[in-house]
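The values are calculated or read from the model by the stated rules, or taken from the named source; none is laboratory data. Values in this document were obtained by computation on a predicted structure and should not be read as measured data. Cβ atoms come from the backbone with ideal geometry, glycine included; neighbour counts cover every protein chain shown.
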Amino acid sequence: MNKPTADVSVRIAWADDADAIAAVQVRAWQVLYADVLPADALPSDPAPVADAWRSALRKPADARNRVLVALERNRVTGFALTSPATDPDADPIADGEISELTLDPTERGKGHGSRLLQAAVDTLAADRFTRAVCWVIASDDDHRRFLTEAGWAPDGAHRELDLDGTGTTTVKQVRLHTAIG
C-alpha cells in the first residue's frame, strides 16, 4: 500500500505570487522584528508590500535576481531571494547571495526552509556562482543554527543595518558563507 506524500515544492515566483509573498513577509516581520521595532512601525497591511513585489517580479534589476517560493499545494509558505552578492568585498563572478530566506512563522519545522535553502543554492550554482553568502541577524540564533547545520559558516564579516533611516533603530548582522557548485 502506498503512503500519501505531502504536496510540497519550490519554484520560481510569478508576479501573481506577489500578494502571497507580501502576506508571508509581513507575518514574518511581525515576529522577526518584534524586539527591534515598535509594533506600529511594522507593516500590518500587505497590500503596499505586494505592489513592490509585483514590480520587482515583473522587471528584476538583474537577470540573475531570482525569487523562489516554497509551496504546500498551491499555498506560498516561504520565499527566498538570490542574486549576485553586493558586498564591497564580493567577487561579482564567484559570489552569489541569498538576501532573504523567509518562512511564514506558522510553517517552521515542516521542511519548507530546507527545501527552499537547497533550491536557492541550486539556483545560485546554476547561475555559475561558486560561493554563497547570507546575512543573518546576529541575535537570530534559530536562523543561524539552521544555516550552520546545513554547512554554512561565519566568515568574520558583520554589519549594522539602519532600519528606520534615523540611526536610532539598528540591527546587527553576521555574514555566513558556503562553497557551492
Do you know which residues across the range 30-48 are closer than 16 Å to Asp162 by Cβ and part of a helix (DSSP H, G or I)? Ala41
Restrict the check to the range 141-159 and report whether at least one residue is in contact with a Gly (Cβ under 8 Å, 6 or more places away or on another chain) and surrounded by fewer than 19 Cβ atoms within 10 Å (Cβ to Cβ). yes
Matching residues, the range 57-75, being surrounded by fewer than 14 Cβ atoms within 10 Å (Cβ to Cβ) and in contact (Cβ under 8 Å) with a residue 60 or more places away in the chain: Arg73
With respect to Ala80, is the statement that it is under 15 Å from the mean Cα position of the chain (by Cα), over 30 Å from Ala179 (Cβ atoms) and of a type in the set (Gly, Ala, Ser) true? no
Could you go through the range 108-130 and let me know if any residue there is touching a residue at least 40 places away in the same chain (Cβ under 8 Å), exposed (fewer than 15 other Cβ atoms within 10 Å of the Cβ), hydrophobic (A, V, I, L, M, F, W, C) and farther than 18 Å from Leu71 by Cβ. yes
Output the qualifying pairs, or none if there are none: Cβ atoms under 8 angstrom, residues six or more apart or on different chains, first residue in the range 156-181 and touching a residue at least 12 places away in the same chain (Cβ under 8 Å), second residue among the β-branched types (Val, Ile, Thr) and assigned to a loop (DSSP other than H, G, I, E, B). Leu163/Val36; Leu163/Thr169; Thr169/Val36; Val171/Val36; Ala179/Thr130; Ile180/Thr130; Gly181/Thr130
Working only within the range 166-181, note down all residues that are surrounded by 15 or more Cβ atoms within 10 Å (Cβ to Cβ), of a type in the set (Ser, Thr, Tyr) and in a strand (DSSP E or B). Thr178
Condition test on Arg145, is it out of contact with any Asp or Glu (no Cβ under 9 Å at 6 or more places or on another chain), basic (Lys, Arg) and either within 16 Å of Thr178 (Cβ to Cβ) or without any contact (Cβ under 8 Å) to a residue 24 or more places away in the chain (or both)? yes
Considering residues that are under 17 Å from the mean Cα position of the chain (by Cα), modelled with pLDDT of 90 or more and not basic (Lys, Arg), the number found within the range 47-74 is 12
Tell me, please, whether a residue that is part of a helix (DSSP H, G or I) and not hydrophobic (A, V, I, L, M, F, W, C) can be found in the range 21-29. yes
